[in-house]
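Participant: Please read through the structure below; I'll follow up with questions.
Readers should treat all values here as calculations from the given coordinates under stated rules, not as data from a laboratory. Note that the structure is predicted; figures quoted are calculated from it, not measured. Quick reminder, even Gly has a Cβ in these numbers, built from the backbone with ideal geometry, and neighbours come from all protein chains shown.
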Amino acid sequence: MLSRKNKHRILKIISLFSVVRGYNIPVIVLAQYLSAIFILAPENKRALSVLLDFNLFIIVLVSGLTIASGYIINNFYDSKKDLINRPNKSQLDRLVSQKTKLEVYFTVNFIVALLACFVSFRAVMFFSVYIFLIWFYSHKLKKIVVVGNLTASFLAVLPFFAILLYYKTLYPQILAHATFLFLLILIREMIKDLENIKGDIANDYQTIPVLFGETFSKKIITLLTLSTVIPVYFLIEVYDVGYMDIYFYISLIILIFFLQKLWKSNTKPDYLKLHNILKFLVVSGVFSIMLINPEVLIHGKRLLKL
């Protein structure tokens, strides 16, 4: 049997895991590695070589740590709001004191800067700016209408630019992929605003639903959802994405269903379901990267030109 002290320690570890949203970070790590293997690495570089690349490993590790520290500082500033919007999660998160959260935040950021030094000075600068932007978003920008949504979506996509910076490669296809992902995340951020409207009103967050109402917010979400057709068109018709076009066709069908459900939704559970649909699209998109060039799984080498 565990002692009371050990039980409390385990609960604190679980609480910290909840604060940093440890369940999200592995998905981001996987997405970075899959992007490197199937899209960004030189054509003659084997998948195994990419996986064993020490500098790439450091960049992915540092990205994960930076995102974790971002969740910590975001949780620090949102503690009052989360009491209203996520009471159960908030009670678990509060097992770790605000002081401890800040201590872990600064410690993680110091480790990030130290590890980035092993890669290059550019890596140090990139992640230093990334850390600052996350803090500035959590402290100031998050409460500003539209700006908060755009910044959150940009910060979610930014880790992939760390991989771009490493490989010094920028294909038009990558921008189309990034645009589609950015739009999905932006739509999800606006759904979260509808989901968390009570907490936002109580804590003076200037979101679109708070200032202009739910109907106007749904119109903006509809416009953004329809605009996903533009990057999808380029990815399917113009660029070579292999079998990943199957994912994009299915995504468009799901987004049509999403819009139908959006206009019937008016409660927090409804918006949570919409949030989960978008999360499913993002996560399934990560795994679908392998469809761009399935030969990599067989031959271990990129064979198709993007």
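Participant: With θ taken as phi - 60° and the coefficients 6.51, -1.76 and 1.60, list the Karplus ³J(HN,Hα) couplings across segment 276-292 in order, rounded to whole Hz; mark glycine and proline as x.
Facilitator: Karplus values, whole Hz, x for Gly and Pro: 5, 4, 5, 5, 4, 4, 5, 5, 5, x, 4, 5, 6, 4, 5, 6, 4.
Participant: Here's another thing I want to ask about it. Can you pull the percent of Cα pairs in segment 182-303 with separation above 18 Å? Don't skip to the answer; put the middle values down first.
Facilitator: Working: 4161 of 7381 pairs.
Every Cα pair in segment 182-303 considered, those over 18 Å come to 56 percent.
Participant: While we're on this one: Pairs to check: LYS81/LYS143; LYS143/LYS261; LYS140/LYS264. Give those whose C-alpha atoms are more than 22 Å from each other in this structure.
Facilitator: Details: LYS81/LYS143 12 Å; LYS143/LYS261 27 Å; LYS140/LYS264 33 Å.
Beyond 22 Å: LYS143/LYS261; LYS140/LYS264.
Participant: Suppose R0 equals 25 Å. What FRET efficiency, 1/(1 + (r/R0)^6) with r the Cβ-Cβ distance, do VAL282 and HIS139 give to the nearest 0.05? Provide the component values of the computation, followed by the final result.
Facilitator: Details: r = 26 Å, r/R0 = 1.03.
Efficiency, from the Cβ-Cβ distance: 0.45.
Participant: So if R0 is 41 Å, what FRET efficiency would ARG46 and PHE121 give, r being the distance between their Cβ atoms, rounded to the nearest 0.05?
Facilitator: 0.90
Participant: Normalising by the residue count of segment 8-299, find the relative contact order in percent from Cα pairs under 8 Å and 6+ residues apart.
Facilitator: Working: 295 pairs, mean separation 60.4, N = 292.
About 21 percent, as a whole number.
Participant: Students often forget the sequence filter, so: which aspartates and glutamates lie under 18 Å Cα-Cα from LYS101 once same-chain residues fewer than 8 apart are removed?
Facilitator: Output for LYS101: ASP78, ASP82, ASP93.
Participant: Ok, one more. What order, most packed first, do the peptides 204-214, 54-64 have when packing is the mean number of other Cβ atoms within 10 Å of each residue?
Facilitator: Numbers: 204-214: 16.8, 54-64: 19.0.
By packing density, highest mean first, the sequence is 54-64, 204-214.
Participant: Starting from the Cα of ILE25, step 7 Å along the direction of its Cβ; do the same at ASP240; then give the gap between the two resulting points in nm.
Facilitator: 3.8 nm
Participant: Quick one: if the Förster radius is 30 Å, what FRET efficiency do LYS268 and LEU223 give, using the C-beta to C-beta distance and rounding to 0.05? Each step should come with its number before you reach the end.
Facilitator: Working: r = 23 Å, r/R0 = 0.77.
The pair LYS268/LEU223 has a calculated efficiency of 0.85.
Participant: Which of the aspartates and glutamates could a cross-linker span from LYS219 if the Cα-Cα distance has to be under 18 Å and same-chain partners fewer than 8 positions apart are dropped?
Facilitator: The reachable aspartates and glutamates, counting only those whose Cα sits under 18 Å from LYS219, are GLU189, ASP193, GLU195, ASP270.
Participant: Another question about this same structure. Inverting the mean 1/r over all pairs of different Cα atoms, compute the Kirkwood radius of segment 8-299 and quote it in Å.
Facilitator: Details: mean 1/r = 0.0496 Å⁻¹.
About 20.2 Å for segment 8-299.
Participant: What does the extension gain come out to for ILE250 and TYR171, with contour length at 0.36 nm per residue minus their alpha carbon separation? Please report the intermediate quantities before stating the final value.
Facilitator: Working: separation 79, 0.36 × 79 = 28.44 nm, distance 2.42 nm.
Result for the pair: 26.0 nm of gain on full extension.
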